[in-house]
Structure formats: structure tokens, C-alpha cells
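Read the structure below first, then the notes.
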Amino acid sequence: MNIAVVILAAGLGTRMKSSLPKVLHKVCGKPMVRLVAETAAGLKPEKTIVVVGPESEGIRTALSGLPIEFCVQKKPLGTGDALKIASASLGGFEGDVLVLGGDTPLISVQTLKLFLAHHKKMREDISLLSFRITGSHAYGRIIRKGNRVDAIVEDRDANEEQKKIDEVNSGIYAIRHSCLDLIKKIKENKAKGEYYLTDIVKLAVDKGLRVGGHALSDELELSGINTRHELHAAEKFMQQKIVSGWMSKGVSFIDAGAVFIHQNVELEADTLIYPNVHIEGSTTIGHGCVIYPGVRIANCIIGNNVTIKDSTVIEDSTVMNGAAVGPFAHIRPKSVIGASVKVGNFVEIKKTVLGEGTKASHLSYLGDAEIGKNVNIGAGTITCNYDGKNKNKTIIEDNVFIGSDTQLIAPVTVKKGSYVGAGSTITKDVPAESLAVSRADQRIIHGWAKKKK
Ligand code: UD1
Ligand code: CA
């Protein structure tokens with residue numbers, strides 16, 4: 001289909017009471033405007049234009065990687081003015097223009113396709129995507145004369161009778177390119193000092209053009225986000241959809257309403273997720289895993305049959321098959337937890353690789369380290385990686401035993417098969433198959449305690 005998409009995203013969003021532009025507020029971890037732009041990309045439009053305000057750095061960053069052109073609306077003079085600015089950039093484009101609100105993030109590509117199919121089939125000049133709603137709300141009301149749409153009246157301009165109309169405007173329109181010129185005829189709404197795009201309907205009807213309204217979806221999908229309350233409702237709705245989708249694919253949840261999973265996360269069957277777990281960014285989790293309560297995993301690759309115990313944080317790292325991490329562990333970026341590794345309570349790991357079968361079970365800090373296979377890291381081991389200026393590397397080769405309460409002063413290497421005695425401070429490389437101890441010999445003073453008394 002030959003379409004161009006225009007996403008309106010230049011409004012101030014004052015009702016959010018935020019210093020962040022409204023369309024940058026996130027739903028399930030993604031800025032609203034990005035959700036809309038990604039959905040629109042599913043239609044394979046010829047062109048996508050996003051209308052932004054003068055301070056648009058954040059929005060441009062949020063949309064990076066998508067094939068988009070930007071138009072700047074210097075002053076937020078309303079949705080009509082925003083589309084007028086975008087249409088000036090459409091150049092020789094002659095298809096239909098699909099207008100979307102950057103604050104309507106839950107819209108699906110299926111609904112948009114259905115809407116465009118209606119627009120085409122009915123040969124309409126302007127089509128509106130509407131929905132039905134009851135209770136108090138501030139959406140524009142669709143005024144019909146018989147079956148056909150006659151106008152849209154904004155909530156604040158509606159009289160008592162019009163306010164009762166339950167069919168409302170989603171802010172999504174399909175407009176024949178040749179009708180875009182009508183925008184120039186929109187007059188300023190004196191009360192608000194804005195040009196309302198909704199006024200294009202009456203202008204088109206007065207010219208005898210075909211205007212249709214199609215209620216193809218519901219409030220859940222088509223709600224516009226103007227307030228924190230609506231943002232929260234959108235988050236809940238999308239979260240429920242994501243979790244329900246994973247249940248259909250064989251993932252178990254103890255309490256599906258108390259789990260937070262971002263849109264790009266991938267999960268596999270027979271993984272069990274406890275409440276209050278947050279899985280963020282582009283994380284993938286394999287099959288047969290158990291994720292216990294209070295865990296946050298962001299941008300990680302987690303293998304199969306992995307156990308992540310309570311109150312653990314894992315960021316930008318990889319955890320391989322059969323490993324167990326936590327409780328109360330912190331895996332910081334660029335770490336690799338090898339297969340069947342055990343990382344226990346109060347262990348912090350940063351930019352460190354742990355080889356297969358290695359154990360760091362209690363109270364340790366391992367940073368900038370390369371640790372081999374089947375290594376035992378005793379309780380209280382610390383890699384002293386920072387000398388006040390630089391971060392230095394610790395290398396521990398395969399089958400090494402590091403006794404409890406050891407400090408490894410990096411840069412330092414412990415070669416394979418060696419032992420380090422408990423309580424040692426290791427400042428020099430340890431050769432293979434040897435024992436390194438660095439602590440004062442124990443003295444016994446007989447009868448000392450008796451004498452003291
Ligand atoms: C708009 C519609 C209303 C509809 C509702 C659906 C108008 C006048 N009203 O109201 O009929 O029921 O959406 O959610 O269109 N924007 C700009 N530049 C501006 C003003 C807004 O780009 O000068 C952008 C905003 O960033 C936003 C979108 O347009 O993404 C909608 O603007 P908003 O102010 O939220 O309109 P509503 O009052 O919700
Ligand atoms: Ca809105």
C-alpha cells in the first residue's frame with residue numbers, strides 16, 4: 001500500500017507534569033513514540049515523518065535506527081498546525097497519509113492494517129479510527145448525521161448533548177493526499193490558541209468529501225496517554241499482554257500480575273518466574289530456568305536450566321547453562337558466568353569471566369578478572385583491581401583453590417592447579433601447581449590469658 005506516516009510528537013504534554021517530553025515516557029521500557037514508530041514501520045510506509053518540538057534531542061535519540069524524517073514545529077500551536085508542517089515535507093508523495101499520535105502507544109499493526117483497508121474499500125477522503133467509551137473522559141466526540149460523520153467536537157467545546165456521545169476520536173486518521181490542503185483552512189480555536197486537526201472533518205464535509213468513522217478497536221488499545229494515570233493503565237495493559245503471550249508459549253508465573261517484562265525480552269518454555277521479577281531490555285532466557293522473587297535482569301543472555309535466586313541483579317552479562325546465581329548477588333556489566341558455575345550470596349562480579357564449574361559461594365568481589373574452570377573462590381576473596389588510577393587484571397587459571405579471605409593485588413596471575421592459603425595477600429604471580437601463603441606464622445603464648453586477669 002502506498003502510504004506515508006506522520007507521527008505527531010511535538011506537544012508539550014503539560015498534563016504529565018514532567019520535565020521529560022510526554023512521548024518519551026516509557027511503556028514496558030520503551031518510549032511511547034518509539035512504540036508508535038515501530039508499529040508504523042510494520043506497515044512498510046514509503047515515508048515516515050515525526051513532528052517534534054524545538055528541543056528534540058531526546059526524541060531523535062529514542063528513534064535512532066528507524067528510517068524517519070523529522071519536522072520541527074517551533075511552537076505547539078496544535079495538532080492541525082503540526083500536520084500542516086509535516087505535509088510541507090511530503091514533497092511529491094501522492095498516496096494516503098496515516099496520521100498517528102505519539103501518545104497513543106498501544107496501537108497494533110493489525111488494527112492499523114484493518115483501518116487502512118476500510119479507508120480504501122470505502123473510498124473515503126478522510127477516515128477516522130474511533131472507539132466507544134463510557135464514563136468521564138476528555139476525548140473528542142464523533143458527531144454523526146445519520147450514518148455519516150459530520151464533525152469532531154473537542155471535549156472542552158462540547159455541549160451537554162454532545163458530551164453524551166460515546167463514540168470518540170482516537171487521533172488516528174487516514175487522509176487522501178489531495179485533501180491535505182484543507183489543513184490550511186483550519187481556523188484558530190480562540191479559547192485555546194491552537195489549530196485543531198479535528199476541524200478538518202467539518203471542512204471536508206462542507207466540501208462534499210467522503211468522511212468515515214470506523215470503530216475497529218477499543219479503549220484499551222486506542223487510549224491516548226496524557227496523564228500519569230493513563231500511563232500507568234497503559235503499562236498494566238501491555239504488561240498483561242506480554243506475560244499472557246509468554247504463558248501461551250509455555251512459561252510459568254506464580255503471579256502473572258506481579259512480573260515486569262519488557263517487550264523485546266525472549267523467554268523459553270518451562271521457565272518459572274516468581275513475583276516481583278523485572279526482566280528488562282533485550283534479555284533472553286532459555287528453558288527450564290527458575291527466577292526467584294526480587295530479581296532484576298537487564299540486557300542479559302541467560303542459558304538453559306539456570307537458577308537465579310532471590311534479590312539478585314544481573315546487568316549486561318551472560319549466564320550459561322546450569323549455573324546458579326544468588327541469593328543477593330550482583331553481576332555487573334560484561335561478565336560471563338560459565339556453565340554450572342555457582343555464585344552465592346553477597347558476591348559482586350564485574351567485567352569478569354568465570355569458567356565452567358567454578359564456585360564463588362560467599363562474600364566476594366571479583367572485578368576485571370579472568371577465572372578458569374573448576375576454581376574454588378573462598379569466602380571473602382577480593383580482587384584488588386584498582387590502584388587509585390588504573391583498573392588491573394587478575395588471572396586465575398583452571399583448578400586453582402583460593403583460600404578464604406584472600407586479597408589478590410592486580411595485576412597478578414595464579415597459574416593452574418595452585419593453592420593460595422587462607423588469609424593471604426597475593427602481590428606476586430603464583431607458579432603452577434604450587435602453594436602461596438603470605439601471612440604471619442601463628443604464635444602461642446602459654447598462660448597469657450591467666451596472667452592478664
Ligand atoms: C487529541 C484530539 C482528540 C482525540 C485525542 C485522542 C485534537 C485537537 N484533539 O486530543 O479529538 O480524542 O487526541 O487521543 O487533535 N501535538 C503536536 N503539536 C501540537 C499539539 C500536539 O505535535 O501543537 C502532538 C502531541 O505530542 C500528541 C498528539 O499531537 O502526541 C496529540 O496531542 P494532544 O495534545 O495529546 O491531544 P489531545 O488533547 O489528547
Ligand atoms: Ca493525547
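Read-outs: derived from the displayed coordinates by stated rules, not from any lab. Here the structure is a predicted model, which means the values were calculated and not measured. Don't worry about glycine lacking a Cβ; one is built from the backbone with ideal geometry, like all the others, and counts go over all protein chains shown.
For this structure, a couple of remarks:
- Dipole magnitude of the range 7-53, debye to nearest 20 (Cβ charges: Lys/Arg +1, Asp/Glu -1, about Cα centre): 180
- Seen from every direction in turn and averaged, the convex hull around the alpha carbons of the range 329-439 projects onto 5.7 nm².
- The range 186-340 - Rg and Dmax from Cα coordinates, angstrom: 22.8, 73
- As a proxy for reagent exposure, Arg176, Arg123 were ordered by neighbouring Cβ count within 10 angstrom, fewest first; the result is Arg123, Arg176.
- Shape index of the range 3-222: Rg/Rh, with Rg the Cα radius of gyration and Rh the Kirkwood radius from the inverse mean 1/r over Cα pairs, equals 0.93.
- Of the trypsin sites (Lys or Arg not before Pro) found in the range 42-100, those that fall in a DSSP loop while having at most 12 other beta-carbon atoms within 10 Å are Lys74.
- Across all Cα pairs in the chain, the calculated P(r) in 10 Å bins from zero up to the longest distance comes to 4, 18, 21, 16, 13, 11, 8, 5, 2, 1, 0, 0 percent per bin.
- Placing +1 on the Cβ of every Lys and Arg and -1 on the Cβ of every Asp and Glu, with no other charges, gives the chain a dipole of roughly 960 debye about its Cα centre.
- Scanning residues 5 or more positions from Gly78 or on other chains, those with amide H under 5 Å from its amide H are Tyr195, with H placed 1.01 Å from N in the peptide plane.
- Only helices enter this figure: runs of n ≥ 4 DSSP H residues, each worth -39500 (n - 2.57), summed and divided by the residues of the chain, yield -5000 deg cm²/dmol at 222 nm to the nearest 500.
- From least to most packed, judged by other beta carbons within 10 angstrom and beginning with the fewest, Ile301, Ile59 follow the order Ile301, Ile59.
- Rg to Rh, two decimals, where the range 228-436 supplies the alpha carbon set and Rh follows Kirkwood: 1.07
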